[in-house]
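S.K.: Here's a structure for you.
The values are calculated or read from the model by the stated rules, or taken from the named source; none is laboratory data. Every value quoted in this text rests on a predicted model; they were computed, and no experiment measured them. We place every Cβ from the backbone using ideal geometry, glycine too, and count neighbours over all the protein chains shown. Accessible surface areas use protein heavy atoms only, side chains included; no ligands, DNA or RNA. Shrake-Rupley method; radii C 1.70, N 1.55, O 1.52, S 1.80 Å.
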Amino acid sequence: MRTLFLLVSLIFLGSEGSVVSQGKAPWTHQFQLDSPKIKVEWRSLTENGSSNPWLEMQISGETKGGYIGFGFSENGGMNGADLAIGWIDEKGQVFMKDFHGVGNNPVLDKEQNYEALSGKLENGITTIKFRRQWFTCDKDDIEIRNDTMRIMWALGSSVPSITADNNVTGLTWHGLNTRGVQSVFIHDTAFADPFPDEVPEKFPGVKQWDLVMNNTIDKEQTTYFCKIVKFPFLEKKHHMIGWKPILTPENRPNVHHITFYECMVPPEHGGTENLFEKHTMHTGGRCYTKNMPPEWTKHCVTFLFVWVAGGEGEMFPQHVGSPLGEPHGGATYFMMEVHYDNPTRKVFHDKSGVRIFYTDKLRENDGSVMLMGYRITPFLLLPPKQPNFVMHGICSSECTEQALPPTGIKVINTLLHGHLSMRKLRLRHFRGGKELPLIAKDDYYDFNYQQSRTLQEEITVLPGDELITECEYETTQNNRMVLGGLSTTQEMCQTFFIYYPRINLMQCTSQYEFTEFFKPLGIREVNGTVLKQIKMPYNPSGEFDPPDDAKELEESGEGDDFHSLYDHINIVDTGKSVAQQIKEMNWTDTTIAKKIEKQWQHGRHYAYCTGHGRKRYPLKKYIMDYPTISKPAEKEDPFCKAKQSLE
């Protein structure tokens, strides 16, 4: 029995993608495409109080009288997928048969768990309504839960038939241009409002603020482009209530993320207007270079929002808005950062950006965005050839004790973020050593679909709570180490969440302590001038926390050498570089990597507790131990296992 959490995101072949949206009655969810023409709708139905409800779906496609193929897959591939094929014969009888993928072929299931309910064929469009239970307890089916799941579809021109022994014949290949895969959160029931520009009559008084780039991207794989913008309406307080990306269509595959940072400078350091007003006339330029004004990195750090590839944008719930205008508890100046991923190294011009929805009809609560996880640093190191390797980013209890109000904060939305080696993420929550239910989780992470998720129930985080972001990676295809960094070929381990009420804390992260990072690699002492640039070993001083190491390296001009940072750090005992030591280790023995993983996890960690404008919370324990967990959370007992124990 394969267990699957359904988070549906679109990555199909030959298509730009589609938005998963609230369906029209009786359907709760839907997505659709124009070319080829296909629509999928679904809802969950419970009969007689059953703990195993029905997943009822309807799929429509331009078959010209042929079949529709449909399925769920853990990775978007045919092998191991849970499939169904439906058609309407010449007598008008509707069929929906249960298959599973073996290699690239559909194989009929012995146990048929899909049930055709109705169907019609009109003007070459086949529509079939069908159902299956969420948990079929069939080894050839997938147990649908709540992670990122890929929905597969295909349109075929042939009309299959049923033989006397109940087999299916007459299936022909659907072809390359009439198939696709889409990732989706199929199990989600929490929906935000539609965007105001789509239904303006529902949002009287809501205005929009469009901000786009206008730049040329050169032949580089990774480019960060930044510019400063100013919110112009300061006579009264406004709330941002949502936002959506504006993407240049032909550049959609190259725009990896768009981040809006709030820029804030304390009066004693010159004030925000004095330092940033002059930059608003600048068209922007490359981020994290020697030419980037230092105040951009130093003071533009709090997240207004983050959009990542595959995301659709976000609307806040009715009781939360993000304040705009520094006199009103928000920010007036912002740094807009666009990350371009350009693996083919082409030259192109881009005008992508965002549309911000705002209003002076204030919501009940001021909200904000907070970052948890592991810092962006080359001290996030993934050994090559590993089927799974886990990193841990900690938000310390001392940080939440200092920064959170007595009643805590309410988390309403989460976004889990990593790059190409990422496979699984989870945000764990601890209180007094006892593990509480997960705040966020995705066991089928899809780099191309990073949509934030509105929580079905708000989660309270109290002073003294600890939060751990766990990131699981796969590097079996890598011949050399993968480091943390800004490029998509490097890695991150982050959780962003929207919360209220807004507080001063904007980032609560960690990093493995310097000496204990090297110990498991068999290294006692190192040196190298590059360590001064990234302020390692870490010893907090002054009012402000340092930027992430990756950004420090880029700004110092070491960007070209960033992939080989450890060539510039030498081992005192042997004279070898750290890179050489790592290269000589026997990574085909996965027990070595697992031992290092555990030593890093349970060793000491640097704790970072950072407020708006990068102001540092002074912690008594800036070097902390991994949290003591007296009572881990009980693992969820799969439905089918629980059912078997009762039989």
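S.K.: When you go through P323, P293 one by one, which is the residue that is modelled with pLDDT of 90 or more and touching a Gly at 6+ places or on another chain (Cβ under 7 Å)?
M.R.: Sole residue among the options that is modelled with pLDDT of 90 or more and touching a Gly at 6+ places or on another chain (Cβ under 7 Å): P323.
S.K.: I would also like to ask the following. Just one of the numbered conditions (1) of a type outside the set (S, T, Y); (2) touching a Ser or Thr at 6+ places or on another chain (Cβ under 6 Å); (3) open to solvent by 40 Å² or more (accessible area, probe 1.4 Å); (4) part of a loop (DSSP other than H, G, I, E, B) is not true of N113; which one?
M.R.: So N113 meets the others, but not (3).
S.K.: In addition: Among (1) surrounded by fewer than 22 Cβ atoms within 10 Å (Cβ to Cβ); (2) part of a strand (DSSP E or B); (3) within 16 Å of the chain's Cα centre (by Cα), which single condition is E435 missing?
M.R.: (3)
S.K.: Next question. Taking into account only those residues within the stretch 223-252 that are among the charged types (D, E, K, R) and closer than 19 Å to F334 by Cβ, which is farthest from the chain's Cα centre (by Cα)?
M.R.: Out of the qualifying residues, it is E235.
S.K.: Write out, first by first residue and then by second, each pair whose Cβ atoms fall under 6 Å of each other, whose residues are 6+ apart or on separate chains, and whose first residue, in the stretch 361-389, is closer than 30 Å to A331 by Cα while the second is among the hydroxyl-bearing types (S, T, Y) and open to solvent by 10 Å² or more (accessible area, probe 1.4 Å).
M.R.: N365/Y500; G367/Y500
S.K.: Of (1) out of contact with any Phe, Trp or Tyr (no Cβ under 9 Å at 6 or more places or on another chain); (2) surrounded by fewer than 19 Cβ atoms within 10 Å (Cβ to Cβ); (3) assigned to a strand (DSSP E or B), H100 satisfies all except one. Which?
M.R.: (2)
S.K.: Follow-up. Among the listed residues S9, S21, identify the single one that is over 17 Å from F99 (Cα atoms), of a type in the set (S, T, Y), open to solvent by less than 10 Å² (accessible area, probe 1.4 Å) and modelled with pLDDT under 65.
M.R.: Answer to the selection: S9.
S.K.: Here is a further query. Go through the residues of the stretch 579-599 one by one and say whether even a single one is at pLDDT 95 or above, farther than 30 Å from P463 by Cα, in a strand (DSSP E or B) and of a type in the set (A, V, I, L, M).
M.R.: Scanning the stretch 579-599 turns up no residue that is at pLDDT 95 or above, farther than 30 Å from P463 by Cα, in a strand (DSSP E or B) and of a type in the set (A, V, I, L, M).
S.K.: So if I check each of F497, F518, which one is buried (at least 17 other Cβ atoms within 10 Å of the Cβ) and over 28 Å from C300 (Cβ atoms)?
M.R.: F518
S.K.: Considering the stretch 194-237 alone, what residues qualify as being of a type in the set (F, W, Y) and not in a loop (DSSP other than H, G, I, E, B)?
M.R.: Answer for the stretch 194-237, where residues must be of a type in the set (F, W, Y) and not in a loop (DSSP other than H, G, I, E, B): W209, Y224, F225.
S.K.: What are the residues in the stretch 443-469 that are in a loop (DSSP other than H, G, I, E, B), among the hydrophobic types (A, V, I, L, M, F, W, C) and open to solvent by less than 40 Å² (accessible area, probe 1.4 Å), if any?
M.R.: F447
S.K.: If a residue must be out of contact with any His (no Cβ under 9 Å at 6 or more places or on another chain), over 25 Å from M585 (Cα atoms) and not β-branched (V, I, T), how many such residues does the stretch 369-392 contain?
M.R.: The number of residues fulfilling the criteria is 4.
S.K.: Scan the stretch 454-475 and report the pairs whose first residue is modelled with pLDDT of 95 or more and whose second residue is buried (at least 20 other Cβ atoms within 10 Å of the Cβ) and small (G, A, S), with Cβ atoms within less than 6 Å and a gap of 6+ or a chain change.
M.R.: Close Cβ pairs (under 6 Å, with a partner that is buried (at least 20 other Cβ atoms within 10 Å of the Cβ) and small (G, A, S)) amount to G464/S397; E466/S397; T469/G373; T469/G393; C471/G418; Y473/S421; T475/S421.
S.K.: Step by step: first the residues of the stretch 225-261, then only those that are of a type in the set (F, W, Y) and out of contact with any Ser or Thr (no Cβ under 9 Å at 6 or more places or on another chain), then the one that is most open to solvent (accessible area, probe 1.4 Å). Which residue is that?
M.R.: Filtering first and then ranking leaves F233.
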